[in-house]
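Contents: one structure, followed by commentary.
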Amino acid sequence: MLRSLRLLGLLAPALVLTSLAVAAAPSFSAGAASVDITPSIAAHNWAGSGPYGHVIDPLHARVLVLASAEKRIAIVTLDITETNESDVTAIRQAIAGTTGIPSAHILINASHTHSGPLSSGYRWIGIPNKKKVTDEHLEKWARDLPELCAQAARRADAARQPVTLSIGRASVAEWLFNRRPVRPDGAVQSMAQPADPTVLPGGLRFGPVDPTATVLCFREAGGKPVVTLLHLACHAVSVYPTNKGLSADWPGAACRSLKESLGGEVLFLQGCGGDIVPARRGLEAAREMGAFIAARAAKAAAQALPLPPATLTVSQAIVGLPLTQAASDHIQRPHLDAEVQVISMGDLALVALPGEPLIGLSQAIQQDSPFPHTLVLGYSNGDGAQYVGLPGQKHLGGYEMSVVGRATDEAGGFMIASALRQLRAHRSSP
């Protein structure tokens, strides 16, 4: 498989490197802020019917501004289902206009809570004939979102102070389930919500998960947390099947719990969780899962490895992803442009992939990354081709490889090749 991926990298379409900026001095300053982005309870719930009706817990946009010398980046996390490329552009422009941070240096990641809106006002172009759901409340919310993100970014930038960086990891495997178990004949049998996540019937084999919850700790000189980034790959779908209300789901609960235990601001970075779901569902399960992950993350933070200050490097590449015939007919194009973004600092690299990449993409990138610490994000900077798996997954079937996955089978290899090409360029830069 790895040999196939390397060959795909050689065959990948030309990549457009839109930004490669290296900081001059290895010192960090960081600031963070959050803003409430909860829409009206009268807004239409895309995952159900009718309005949301009530707020279980508020939704937030959280922003980290990190600087090294004169170079700054912004990481924006949104308690929403997903972003659309046009909305990413609007948010980046709003933040750039108010802070001066270049648009290319802004990463936007969605938590993928199904109990919140889509940034595009419920446009889901990947499914032919799916009704577009919108209303005046959602339209207002979508118009307001870029400026709200800009407000948080402005406050985060103003709050910057010198910080140290450390990294810690904890296992949270008990709460993760790959909903693509494999039958004895090798095909996938989709299982969105298993009766018992610890046992599979009928000779099924468990699909892969990454059990790692990673924390990036930015602390002031005295050791007090300024901001903590929590990274994990898992759908935020605990609440919505049984409760129509607005909620940040388990990532929101994890951020609240971790903020209470550590202090400072906490941002959640969603990983490549296209095929990973919570082992148990329901509102109470979401709260229990969030508390469990936060407790493990706090332990990891206490034993985190200090990373030396380093320069910031940011790059982007636009990859042309070939589309399935159905998707091509739907949007009247043979391919779509997807952004792969890489941010690195010393021995740490963040890779941001669009859409809903399956966990295999993350594992392939991490295995071949030249960085000792590589975090791979999904749901970033647009919805791309939605579900994308490793080459060879299409013929195995399953929900993710149906019409909701707009790209052809080789698209995942192109995304991996783009990420690795940028990672190697970052690692070799002065």
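Considering all alpha-carbon pairs of region 379-429, what whole percent are spaced by more than 15 angstrom?
50 percent
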- prompt: Under a 5 Å amide H to amide H cut-off, with H placed in plane at 1.01 Å, what residues pair with ALA236 once short-range neighbours are removed?
  reply: HIS114
- prompt: Ignoring ligands, DNA and RNA, what accessible area per residue does region 158-216 give at 1.4 Å, in Å²?
  reply: 47 Å²
task: Compute the accessible area per residue over region 246-400, keeping the other protein chains in place, probe 1.4 Å, unit Å².
output: 30 Å²
message: Bin width 10 Å, origin at 0, all Cα-Cα pairs of region 129-218: what percent of pairs per bin?
response: 12, 20, 17, 30, 18, 3
message: With the crude spin-label approximation of a point 7 Å out along Cα→Cβ, what separation in nm comes out for GLN367 versus ALA302?
response: 3.5 nm
- prompt: If you take the beta carbon distance between SER40 and ALA192 as r and set R0 to 35 Å, what does 1/(1 + (r/R0)^6) give as a FRET efficiency, to the nearest 0.05?
  reply: 0.75
query: Under 20 Å from the 7 Å Cα→Cβ point of ASP347, by amide nitrogen: which residues of region 28-43?
result: 28-29
- prompt: What is the spin-label model distance, in nm, from ARG183 to ALA221 if the labels are put 7 Å beyond Cα along the C-beta direction?
  reply: 6.5 nm
field: Alpha-carbon radius of gyration plus Dmax, which is the widest Cα pair, for region 269-424 in Å
entry: 17.1, 52
query: Which FRET efficiency value, to the nearest 0.05, is calculated for TYR399 and VAL55 with the Förster distance at 35 angstrom and r the Cβ-Cβ distance?
result: 0.75
statement: Here region 172-188 yields Karplus 3J(HN,Hα) values (6.51, -1.76, 1.60; θ = phi - 60°; whole Hz; Gly and Pro given as x) of 10, 4, 4, 9, 10, 9, 8, 7, 10, x, 10, 6, x, 7, x, 7, 8
Residues of type aspartates and glutamates that LYS71 reaches as a straight line, Cα spacing below 20 Å, ignoring anything fewer than 8 places off in the same chain: ASP157, GLU220, ASP347
- line: Taking a crude spin-label model, label points 7 Å out from Cα along the C-beta direction, the THR98 to ASP329 distance in nm is 4.5 nm
task: Take the solvent-accessible surface of the protein heavy atoms, probe 1.4 Å, and return the percent of it on the chain that carbon and sulfur atoms account for.
output: 55 percent
message: As an exercise, use a Förster radius of 30 Å and the Cβ-Cβ distance of PHE206 and GLU70 to find the FRET efficiency, rounded to the nearest 0.05.
response: 0.05
message: Under the rule of at least 5 residues apart or a separate chain, name every residue whose amide H is placed under 5 Å from the amide H of VAL388.
response: GLU356, LEU358
- request: Quote the charge dipole size of the chain about the Cα centre in Debye, to the nearest 20; the model charges only the Cβ of Lys and Arg (+1) and of Asp and Glu (-1).
  value: 520 debye
query: For region 216-263, how big is the tail of P(r) above 12 Å, as a whole percent of Cα pairs?
result: 69 percent
- prompt: Counting each DSSP H run of 4 or more residues in the chain as -39500 (n - 2.57), what helix-only mean residue ellipticity at 222 nm follows after dividing by all residues, to the nearest 500 deg cm²/dmol?
  reply: -9000 deg cm²/dmol
statement: Stretched fully, the stretch from ASP144 through ALA173 gains (0.36 nm per residue minus C-alpha distance, one decimal, in nm) 6.7 nm
statement: Given backbone amide H placed at 1.01 Å from N, residues whose amide H is under 5 Å from that of LEU176, ignoring those fewer than 5 places away on the same chain, are ALA279
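The values are calculated or read from the model by the stated rules, or taken from the named source; none is laboratory data. Just so it is clear, the structure is predicted and the values come from calculations on it, not from any experiment. Neighbour counts are summed over all protein chains in view; Cβ atoms, including those assigned to glycine, are modelled from backbone coordinates with ideal geometry. Side chains are part of the model used for accessible areas, which takes the heavy atoms of the whole protein and leaves out ligands, DNA and RNA. Shrake-Rupley method; radii C 1.70, N 1.55, O 1.52, S 1.80 Å.
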